[in-house]
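Here's the structure, in structure tokens; my notes come after.
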Amino acid sequence: MFEVVLWDNDGVLVDTETLFFETTRTAFARLGLDLTKELWGRHYLGEGKTSREIAVLMGGDENRIAATMEERNQQYRQVLGQPPPVRPQVRETLGRLFGRIRIAMVTGSPRDQLQLMHADSGLLGLFETIVTGDECAQAKPHPELYLTALKILDVDPSRCIAIEDSPRGLASATAAGVACMVVPTELTRTAEFAGALSVEQDISGVLKYIRR
């Protein structure tokens with residue numbers, strides 16, 4: 001049984017992964033590149049490559065990639081002006097855990113985007129601490145985000161369980177010594193999750209790992 005739950009955000013709490021992929025696919029098309037779900041799942045959600053690295057890998061014009069990705073970032077912020085839906089069972093599960101167990105968020109998203117995503121969700125106030133991507137030098141699958149959260153919470157990783165939706169998130173948590181439950185999304189449902197504590201249909205699966 002675990003005493004602390006560390007939550008990823010994108011694809012776990014809110015349904016943003018598809019929005020980000022579609023915005024990026026449109027940007028890649030302006031570079032003459034056909035970004036498929038399979039390529040995105042393998043390189044971005046699996047290996048943790050950045051959008052720019054994937055564009056280079058696909059043969060994009062390196063003189064145009066940086067500007068195109070910045071345009072993508074601005075367009076994505078506009079998309080987030082309409083906050084994305086909360087994922088299934090999130091409110092119910094957080095409601096059952098809040099006040100009886102420590103909960104924190106560990107997300108690769110920058111804090112300004114996180115605020116946009118949760119503009120009307122009412123969820124951010126439930127978390128004891130929130131670690132965002134712009135506060136760390138290394139992105140997932142590097143363990144820095146989780147190690148930072150563990151340090152802030154002053155907790156041993158063996159007492160924690162992480163909830164992730166992608167292979168890179170799983171790799172980040174396990175590299176920090178944190179057991180990880182995976183809830184795949186449409187973009188990661190065919191991925192391999194070797195080393196996961198379990199693979200669940202929705203996040204309510206975490207309740208079986210929490211002491212009653």
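The values are calculated or read from the model by the stated rules, or taken from the named source; none is laboratory data. Bear in mind the structure is a predicted one, so any value in this text is a computation, not a measurement. As a convention, Cβ positions derive from the backbone with ideal geometry for all residues, glycine included, and neighbour counts pool all protein chains shown. Accessible surface areas use protein heavy atoms only, side chains included; no ligands, DNA or RNA. Shrake-Rupley method; radii C 1.70, N 1.55, O 1.52, S 1.80 Å.
List of remarks:
- Extreme residue, most open to solvent (accessible area, probe 1.4 Å), among residues of segment 74-91 that are free of Cβ contacts under 8 Å to residues at least 40 places away in the same chain and assigned to a helix (DSSP H, G or I): Gln78
- Hey, Gly195 at pLDDT 95 or above, of a type in the set (Gly, Ala, Ser) and open to solvent by 40 Å² or more (accessible area, probe 1.4 Å) or not: yes
- For segment 7-36, the tally of residues that are open to solvent by less than 20 Å² (accessible area, probe 1.4 Å), in a loop (DSSP other than H, G, I, E, B) and either small (Gly, Ala, Ser) or within 20 Å of Ala173 (Cβ to Cβ) (or both) stands at 6.
- Residue that is most open to solvent (accessible area, probe 1.4 Å), among those in segment 163-192 that are free of Cβ contacts under 8 Å to residues at least 60 places away in the same chain and aliphatic (A, V, I, L, M): Ala175
- Residue in segment 135-148 that is in a helix (DSSP H, G or I), open to solvent by 80 Å² or more (accessible area, probe 1.4 Å) and closer than 30 Å to Arg211 by Cα present: yes
- Condition check for Glu71: within 30 Å of Gly205 (Cβ to Cβ) and open to solvent by 20 Å² or more (accessible area, probe 1.4 Å): no
- Verdict on Leu94 being surrounded by 14 or more Cβ atoms within 10 Å (Cβ to Cβ), assigned to a loop (DSSP other than H, G, I, E, B) and hydrophobic (A, V, I, L, M, F, W, C): no
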